[in-house]
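Novice: Here it is, the structure in full.
Nothing in this text is a laboratory measurement; each read-out follows from the coordinates by a stated rule. Here the structure is a predicted model, which means the values were calculated and not measured. FYI the Cβ positions are ideal-geometry reconstructions off the backbone, even for glycines, and counts take in every protein chain you see.
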Amino acid sequence: MRLLFTHVSALFLILQTATMGAAKKKWSKGKSRDKLNNMCLLNQDTSDRLYKEVAAFKLLTPSVVSDRLKIKVSLARRCLKELAEKGQIKQLVAHNGQLIYTRAVASE
């Protein structure tokens with residue numbers, strides 16, 4: 001009985017020292033995104049790009065315009081609405097908050 005007790009205590013000591021030496025898991029801080037610094041007003045350069053480039057895009061959504069011109073999405077929505085009223089683009093889908101436009105093709 002005494003022999004069994006010494007083997008168990010020896011195994012316990014071995015296991016205890018093995019776990020003490022293991023390093024603790026280092027948790028990552030997580031991925032962080034850079035804050036977007038988009039403009040909330042149109043300047044002359046952005047306005048020119050809006051009328052020249054955006055009207056030529058095949059697929060237009062407020063998020064696409066916001067990303068390419070570096071403007072806020074709310075401003076992009078208003079710009080798209082203005083372009084649609086002028087007839088430079090036409091609206092395909094208006095489902096809930098998602099607006100999808102395409103370039104206006106001249107009818108033959």
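Novice: What FRET efficiency do you get for Lys25 and Ile100 if R0 is 41 Å and r is their Cβ-Cβ distance, rounded to the nearest 0.05?
Specialist: That gives a FRET efficiency of 0.35.
Novice: Follow-up. Identify the trypsin sites (Lys or Arg not before Pro) of the stretch 40-69 meeting these criteria: DSSP loop state and at most 15 other C-beta atoms within 10 Å of the C-beta.
Specialist: Here the trypsin sites (Lys or Arg not before Pro) that fit, given the DSSP loop and packing criteria, are Lys58.
Novice: Taking 0.36 nm per intervening residue step and subtracting the Cα-Cα distance, what contour gain separates Leu41 from Lys90 on full extension?
Specialist: 15.3 nm
Novice: Dipole of the stretch 29-97 (Lys/Arg Cβ +1, Asp/Glu Cβ -1, origin at the Cα centre): which of Gln91, Val64, Ser32 lies farthest to the positive side?
Specialist: Sorting the options by dipole projection puts first Ser32.
Novice: Right, another one. Sort the following peptides by mean Cβ neighbour count (other Cβ atoms within 10 Å, averaged over residues), highest first: 83-94, 32-43.
Specialist: Descending mean neighbour count gives 83-94, 32-43.
Novice: A further question follows. Hey, can you grab everything whose amide H is under 5 Å from the amide H of Ala104? Only 5+ residues off in sequence or another chain; H modelled, so Pro and N-termini drop out.
Specialist: Ile89, Lys90
Novice: Same structure, new question: Quick one: plug the Kirkwood hydrodynamic radius of the stretch 21-91 (C-alpha pairs) into Stokes-Einstein at 20 °C, 1.002 mPa s, and report D in µm²/s.
Specialist: Reported coefficient: 150 µm²/s.
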